[in-house]
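Here is the structure we will look at.
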Amino acid sequence: VERGGLLTVQDPDQRPYPAVLVEQIPFQPPLLVVLTQDNRWLILESRQILTRHPQDLPLPLDLITPSGLMMDIGASFAGDSRSATIAASIRIVNTSSEFQNYEREVQALEQELEAHPAHDIHRKSWEKHFERVNKIERRLEQLTAQFAAQGEHYWAEFLKLVTVLEQMDFLENHRPNSKGNIAAALRGDNELWLGLALISGELDELSPAQLAAACCALVSEPPRPHTWVTTLPSPAVETSTEGLRHVRRDLMKCQRRQEVFTPCWLEIKLAGLVEQWASGVSWDELGRLTNLDEGDLVRLLRRTLDLLRQIPYTPGLPRSLTQNAALAQQLMDRFPVSEVI
């Protein structure tokens, strides 16, 4: 719309008025300065233009926006005697029946609105429905914020784990190296610790039964205080697990610096039971060596067996270690430890 264009605009009271465009202000959004037929200056948005008329009204070049008019949407300022002459010209030029047509359209829309089926709904039912919608929207906002916070927490935890892997030399350029592939092939409470133990060399010379005992130490939580065992693992197992303690100590220091609290089990107290079972003692004989109930004993042996089953399929480990793990698995996988009946 150019300067001097005749418009039908909607004033702040939602009423239609003929007006002439005097100036466009390049704000965001753009503002229109118009002079209405009743000699008022208005600041409007383009969406408040109801009709653009084909006529134009020549305006004097020195007709400018009054300095007292605030540059805010809906602002109004009374015209003077000079602008009153131009406002009178607006009434003379605009002789169409647009306003009557506009009023008829408004009345038709109001009648259509009144006839809408929504008016047949009981007000209390509508209010109850509206309240439920608001409640659901508030809950959705809460859950969205909660999930966003959880996402940030998990991302921070992930970055901490990445730092630990990098400092322990399991990543190169943010990708697993040969050591990282070993940890990636394992599953357990702390795959990094299991990988470090298996590549340390401390387990390479153990027999199958001794390897089973050492694996028990890697996956066993500390037993309850009153648990007793009358059999100890062989000296070779004690030596190998003792050799792992410095590896475990370095990893735990690294984890603590990054506030990572994944457990690094190295519990030897029950390892002698696993070595006895892998050496061929019967179930009844094994039960007489401890006060663990049968359920706890089966769980201990199965956790050890699960790690032994993984070792032969872990890439990059010494052949002697993978072969002994496969043999230990065969020795242990018998009733009632075996899950296949």
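The values are calculated or read from the model by the stated rules, or taken from the named source; none is laboratory data. Computed from a predicted structure; not experimentally measured. We place every Cβ from the backbone using ideal geometry, glycine too, and count neighbours over all the protein chains shown. In case anyone asks, the SASA skips ligands and DNA or RNA and just uses the protein heavy atoms, side chains included. Shrake-Rupley method; radii C 1.70, N 1.55, O 1.52, S 1.80 Å.
At ARG138 and SER338, where each label point lies 7 Å from the Cα along Cα→Cβ, what is the point-to-point distance in nanometres?
Between ARG138 and SER338, the simple spin-label model gives 6.2 nm.
Give the calculated FRET efficiency between ASP56 and ALA88 to the nearest 0.05, with a Förster radius of 22 Å applied to their Cβ-Cβ distance.
Values: r = 17 Å, r/R0 = 0.75.
Here the calculated transfer efficiency is 0.85.
What FRET efficiency would be calculated for the residue pair GLN107, GLU45, taking the C-beta separation as r and a Förster radius of 30 Å, to the nearest 0.05?
Step by step, r from the Cβ atoms, then E = 0.75.
If the viscosity is 0.890 mPa s and the temperature 25 °C, what Stokes-Einstein diffusion coefficient in µm²/s follows for the chain when Rh is the Kirkwood radius over Cα pairs?
Once the numbers are plugged in, D ends up at 87 µm²/s.
Can you pull the one-decimal nm distance between simple spin-label points at ALA149 and SER67, each 7 Å off the Cα toward Cβ?
Once both label points are built, they end up 5.5 nm from each other.
Leaving out ligands, DNA and RNA, and with a 1.4 Å probe, what % of the accessible surface on the chain is carbon or sulfur?
Within the chain, the accessible surface is 54 percent carbon and sulfur.
What's the longest uninterrupted piece of the chain once you rule out the trypsin sites (Lys or Arg not before Pro) that are loop residues per DSSP with at most 15 other Cβ within 10 Å? Don't skip to the end; give the middle numbers.
On the way: sites that count: ARG187, ARG288, ARG334.
For trypsin sites (Lys or Arg not before Pro) (loop position, at most 15 other Cβ atoms within 10 Å), the longest site-free span of the chain is 1-186.
In whole angstrom, how far apart do the alpha carbon centroids of segment 238-290 and segment 300-340 sit?
With segment 238-290 and segment 300-340 each reduced to a Cα centre, they are spaced 15 Å.
Suppose the Debye formula is applied to equal point scatterers at every Cα of segment 273-335; what is log10 I(q)/I(0) at q = 0.22, 0.27, 0.29 Å⁻¹?
Debye curve over Cα of segment 273-335, log10 I(q)/I(0) at q = 0.22, 0.27, 0.29 Å⁻¹: -0.86, -1.13, -1.25.
Bin width 5 Å, origin at 0, all Cα-Cα pairs of segment 198-341: what percent of pairs per bin?
Result, from short to long distances: 2, 10, 20, 23, 20, 14, 8, 3, 1, 0 percent.
Of all GluC sites (Glu not before Pro) in segment 259-341, which ones are in loop regions per DSSP and have a Cβ with at most 16 other Cβ atoms within 10 Å?
Passing both the DSSP loop test and the Cβ count: GLU259, GLU267, GLU339.
Can you give the translational diffusion coefficient of segment 160-220 in µm²/s, computed by Stokes-Einstein from the Kirkwood radius over Cα pairs at 20 °C and 1.002 mPa s?
173 µm²/s
Scan the chain and report its longest stretch carrying no chymotrypsin sites (Phe, Trp or Tyr not before Pro) that are both in a DSSP loop and have at most 12 other Cβ atoms within 10 Å. Walk me through the intermediate numbers first.
Numbers: sites that count: PHE27, TRP228, PHE261.
So the longest stretch without any such site is 28-227.
Using alpha carbons only, how many degrees (0 to 90, rounded to 10) separate the axis of helix 98-114 from the longest principal axis of the chain?
Computed tilt is about 40 degrees.
Please calculate how many Å² of accessible area the chain carries per residue, with a 1.4 Å probe and no DNA, RNA or ligand atoms counted.
On a per-residue basis, the chain sits at 60 Å².
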